[in-house]
Amino acid sequence: NYVATFNERCNNDNYFNNLDCIQDAMKVANVNPDEVTDCEQQTGGYEEDKENLLLQLQMDLIKISGVIILPAAFVNKEELRGGIDFATVFVAVCAGFTTGAEPEICTQCGSCVSEELECVNSGGRCPSLKIEKAVSSHVFVLTLAITVVILGSVGFFLYFRSQQQMKNQVRGMVAEYMPVGGMKSQGDTNNLFEYDDNDNQIS
């Protein structure tokens, strides 16, 4: 009863740590505040830096039993399920506003998945956007350099290929005339013409 009463009356920024609200919730739940205070002091209190026997006993029992107690958070009187972290609470709080009525920080940081806390702490600037911009400039320069290298390589290959083709054509033209000289020098009997010493055709 006390937990439900506390959540209804005191679970907000103004009254969460307000002693009057806490004691009022105890009275409504029929819990004697003086008995709670005496119990706290007798077991070691909670204000000084020393062990509280009752709290330590409860923590030891948790370890022995293996029971895990998860913290609870409420948004618009609805309990959040699952792990409680900043991103979960931030998304839930922003989702509680109607479209167009949400705070500006919700619009600025709503798209920063897994970086909501960093975005809020930086005043609404998503860290990943800065990284993406920096990477984009780097990638642009790198891409430009690779493109220049590829185009240069292609140009060199085409130039080299054209030179080789030209050489092959010249060699082919020269090779067509080489058998004539070869037959003349060897006195090939199949040659239809005869030449004198000055390469003049006789017959």
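Data table
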quantity	calculated
Residue in the range 68-78 that is open to solvent by less than 80 Å² (accessible area, probe 1.4 Å), without any contact (Cβ under 8 Å) to a residue 60 or more places away in the chain and farther than 21 Å from Glu8 by Cβ present	no
Selection status of Ala4, open to solvent by 60 Å² or more (accessible area, probe 1.4 Å) and under 42 Å from the mean Cα position of the chain (by Cα)	yes
Boolean, Lys27 is open to solvent by 90 Å² or more (accessible area, probe 1.4 Å), in contact with a Gly (Cβ under 8 Å, 6 or more places away or on another chain) and of a type outside the set (Val, Ile, Thr)	no
Single residue of Arg9, Arg81 found to be closer than 30 Å to Leu117 by Cα, surrounded by 14 or more Cβ atoms within 10 Å (Cβ to Cβ) and charged (D, E, K, R)	Arg9
Tally of residues being under 19 Å from Pro127 (Cβ atoms) and either of a type in the set (A, V, I, L, M) or open to solvent by 60 Å² or more (accessible area, probe 1.4 Å) (or both) across the range 90-115	8
Selected residue (criterion: farthest from Asn1 (Cα to Cα)) from residues of the range 14-65 that are of a type in the set (Asp, Glu) and assigned to a helix (DSSP H, G or I)	Asp60
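Matching residues to (1) touching a Cys at 6+ places or on another chain (Cβ under 7 Å); (2) among the hydroxyl-bearing types (Ser, Thr, Tyr); (3) within 24 Å of Val120 (Cβ to Cβ):
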site	(1), (2), (3)
Val36	no, no, no
Thr43	no, yes, no
Glu48	no, no, no
Thr88	no, yes, yes
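The values are calculated or read from the model by the stated rules, or taken from the named source; none is laboratory data. All values derive from a computational prediction rather than experimental measurement. Glycine also receives a Cβ, built like all others from the backbone with ideal geometry; neighbour counts cover every protein chain displayed. The accessibility values were calculated without ligands, DNA or RNA, using every heavy atom of the protein model including side chains. Shrake-Rupley method; radii C 1.70, N 1.55, O 1.52, S 1.80 Å.
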